[in-house]
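One structure is given here, and the rest of the page talks about it.
The values are calculated or read from the model by the stated rules, or taken from the named source; none is laboratory data. Because the structure is predicted, anything quoted here is derived from the model rather than measured. Here the Cβ positions follow ideal geometry from the backbone for every residue, glycine too, while neighbour counts run over all protein chains shown. Areas reflect the complete protein model, heavy atoms only, side chains present, ligands, DNA and RNA absent. Shrake-Rupley method; radii C 1.70, N 1.55, O 1.52, S 1.80 Å.
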Amino acid sequence: MTTTDVAAPIEVDAPLPAAEPGGRWVNARAGLAQLARKPLFLLAGLYVVFVLVSAFWPRLFTARDPYGTDPASAMLAPGPEHLFGTDIYGRDLWARVLYGSPLTIKATLIALGIALVAGLTLGVVSGFFAGVTDAVLMRGVDVLLAIPGLLLALSIVTALGYGTIPVAVAVGVGIVPGFARTTRAEVLRVKTLPYVEAARAGGASWGRVLVRHILPNSWGPVAVLAVLDAGVAIIAIASLSFLGFGAAPPAAEWGTLIADGRNYLVTSWWLSLMPGLFVALLVLSLNHISKTFQELSR
């Protein structure tokens with residue numbers, strides 16, 4: 001037998017190749033590079049950032065007083081001096097839309113916070129413990145899903161009273177079932193994956209498995225749903241404000257601004273159309289961002 005016929009010895013104890021450092025950062029950079037090649041996503045993101053910045057620092061984009069009346073400038077059409085025109089009291093509509101952003105955006109954040117906390121808790125408990133606990137909690141969620149969201153919000157805000165905070169609480173409770181269902185489905189899926197079973201076989205407690213493996217790997221679809229439901233919450237909050245359940249006048253809430261101009265649609269169309277377009281573009285931008293994230297996560 002020649003030396004070439006002898007198999008090379010196998011080093012059983014040889015260490016495995018180390019994983020490439022910064023793998024997660026590489027994946028993150030690759031994802032950002034994909035997003036950078038999507039012009040519609042960039043435009044939507046810029047518009048959302050603009051609305052968020054204007055909600056907390058409206059003075060950066062207008063120097064006009066949103067509550068200052070000027071009868072001589074009443075009902076002026078949109079133009080260079082007044083981007084969105086003026087209302088029946090001569091107040092600058094662009095300034096009122098920007099100064100109305102904090103009320104609606106803060107209400108949306110409160111609603112999403114309530115939905116995330118309550119929905120995640122219900123979904124994790126239901127999916128993790130399963131059995132009777134899952135059946136009881138999900139039947140309660142089914143009851144909430146059977147009630148139209150706006151009707152449920154109307155019932156809650158009627159019981160709590162008018163104002164931005166009651167509206168935010170009502171909308172938040174209305175979108176809890178979606179978060180609970182999504183979280184439960186993800187927890188049930190992740191709980192059966194091989195690395196979870198390997199962690200349990202290695203002696204990890206269920207609490208450690210939940211914190212280290214199940215929750216981090218269940219967060220993706222919930223985050224996408226949060227972006228999507230931000231648009232839903234904005235529409236619901238604006239709708240309740242339109243119906244008169246929001247902040248009291250002369251507060252410049254988006255729904256209130258749209259409602260104020262509904263009696264002048266023929267003569268002064270901009271009073272309702274311009275605030276409505278502002279809100280519609282924000283909701284469409286959030287929907288596009290959510291859809292893009294969903295495509296990348298597949």
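In region 196-205, which residues are in contact (Cβ under 8 Å) with a residue 12 or more places away in the chain and of a type outside the set (Val, Ile, Thr)?
Residues of region 196-205 that are in contact (Cβ under 8 Å) with a residue 12 or more places away in the chain, as a first pass: 196, 199.
Correct list: Ala199 only.
Taking into account only those residues within region 154-170 that are aliphatic (A, V, I, L, M) and farther than 17 Å from Leu109 by Cβ, which is most open to solvent (accessible area, probe 1.4 Å)?
Within region 154-170, the subset aliphatic (A, V, I, L, M) is 154, 156-157, 159-160, 165, 167-170.
Add one more test, that the residue is farther than 17 Å from Leu109 by Cβ, and what stays is 154, 156-157, 159-160.
On the way: Leu154: 44, Ile156: 35, Val157: 0, Ala159: 86, Leu160: 102 Å².
Across region 154-170, the extreme among qualifying residues is Leu160.
Condition check ((1) hydroxyl-bearing (Ser, Thr, Tyr); (2) over 23 Å from Leu160 (Cβ atoms); (3) crowded, with 18+ Cβ neighbours inside 10 Å) across all residues:
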| site | (1), (2), (3) |
| --- | --- |
| Leu215 | no, yes, yes |
| Val227 | no, yes, yes |
| Ala230 | no, no, yes |
| Ile234 | no, no, yes |
| Ala238 | no, no, yes |
| Ala248 | no, no, no |
| Trp254 | no, no, yes |
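Which numbered condition trips up Val190, out of (1) open to solvent by less than 50 Å² (accessible area, probe 1.4 Å); (2) out of contact with any Ser or Thr (no Cβ under 7 Å at 6 or more places or on another chain)?
Here Val190 meets the rest and fails (2).
Within the bounds of region 95-111, is there any residue that is among the small types (Gly, Ala, Ser) and more than 26 Å from the chain's Cα centre (by Cα)? Steps first, please.
Applying the first criterion (among the small types (Gly, Ala, Ser)) to region 95-111 yields 95, 100-101, 107, 111.
Imposing the further condition that a residue be more than 26 Å from the chain's Cα centre (by Cα) reduces the set to none.
No, region 95-111 contains no residue that is among the small types (Gly, Ala, Ser) and more than 26 Å from the chain's Cα centre (by Cα).
Select from region 55-107 the residues that are closer than 24 Å to Ile235 by Cβ, in a loop (DSSP other than H, G, I, E, B) and of a type in the set (Gly, Ala, Ser) and list them in ascending order.
Of everything in region 55-107, just one residue is closer than 24 Å to Ile235 by Cβ, in a loop (DSSP other than H, G, I, E, B) and of a type in the set (Gly, Ala, Ser), namely Gly85.
Taking the condition of being open to solvent by 10 Å² or more (accessible area, probe 1.4 Å) and in contact with a Lys or Arg (Cβ under 9 Å, 6 or more places away or on another chain), how many residues in region 272-287 meet it?
Qualifying residue count for the region: 1.
Output the residue which, of all residues in region 134-150 that are open to solvent by 60 Å² or more (accessible area, probe 1.4 Å) and either more than 14 Å from Pro177 (Cβ to Cβ) or in a helix (DSSP H, G or I) (or both), is modelled with the lowest pLDDT.
First, pick out the residues of region 134-150 that are open to solvent by 60 Å² or more (accessible area, probe 1.4 Å): 136, 139, 143, 145-148, 150.
If we keep only those that are either more than 14 Å from Pro177 (Cβ to Cβ) or in a helix (DSSP H, G or I) (or both) as well, we get 136, 139, 143, 145-146, 150.
Details: Val136: 90, Arg139: 90, Val143: 89, Leu145: 85, Ala146: 86, Leu150: 80.
Ranking the candidates gives Leu150 first.
Would you point out the residue of region 256-271, among those that are in contact (Cβ under 8 Å) with a residue 40 or more places away in the chain and part of a loop (DSSP other than H, G, I, E, B), that is most open to solvent (accessible area, probe 1.4 Å)?
Thr267
Of the numbered conditions (1) farther than 24 Å from Phe179 by Cβ; (2) among the hydrophobic types (A, V, I, L, M, F, W, C); (3) open to solvent by less than 60 Å² (accessible area, probe 1.4 Å), Leu210 fails exactly one; give the number of that condition.
(1)
Listed here are the residues, each with its yes/no results for (1) over 15 Å from the mean Cα position of the chain (by Cα); (2) not hydroxyl-bearing (Ser, Thr, Tyr).
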residue: Val187; (1), (2): yes, yes
residue: Pro194; (1), (2): yes, yes
residue: Val211; (1), (2): yes, yes
residue: Ser218; (1), (2): yes, no
residue: Val222; (1), (2): no, yes
residue: Leu240; (1), (2): yes, yes
residue: Leu265; (1), (2): yes, yes
residue: Val279; (1), (2): no, yes
residue: Leu284; (1), (2): no, yes
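Checking Arg184 against (1) in a helix (DSSP H, G or I); (2) exposed (fewer than 14 other Cβ atoms within 10 Å of the Cβ), only one condition comes out false. Which one?
(2)
Taking region 207-238 only, how many residues are without any contact (Cβ under 8 Å) to a residue 60 or more places away in the chain, of a type outside the set (Gly, Ala, Ser) and farther than 30 Å from Ser101 by Cα?
Adding up the residues that qualify gives 7.
Quickly run through region 151-168 and pick out the residues that are part of a loop (DSSP other than H, G, I, E, B) and among the hydroxyl-bearing types (Ser, Thr, Tyr). Let's see the steps before the verdict.
So the first thing to find is which residues in region 151-168 are part of a loop (DSSP other than H, G, I, E, B), and the list is 161-163.
Matches in region 151-168: Tyr162 only.
Residues checked against (1) in contact with a His (Cβ under 6 Å, 6 or more places away or on another chain); (2) modelled with pLDDT under 90; (3) more than 15 Å from Ala251 (Cβ to Cβ):
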site: Leu52; (1), (2), (3): no, no, yes
site: Pro80; (1), (2), (3): no, yes, yes
site: Arg96; (1), (2), (3): no, no, no
site: Pro102; (1), (2), (3): no, yes, no
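Of all residues in region 124-160, which are touching a Leu at 6+ places or on another chain (Cβ under 8 Å) and closer than 18 Å to Lys191 by Cα?
Val124, Val125, Ser126, Gly127, Phe128, Ala130
Among (1) open to solvent by 30 Å² or more (accessible area, probe 1.4 Å); (2) farther than 14 Å from Asp229 by Cβ; (3) at pLDDT 85 or above, where does Phe128 come up short?
Failed condition: (3).
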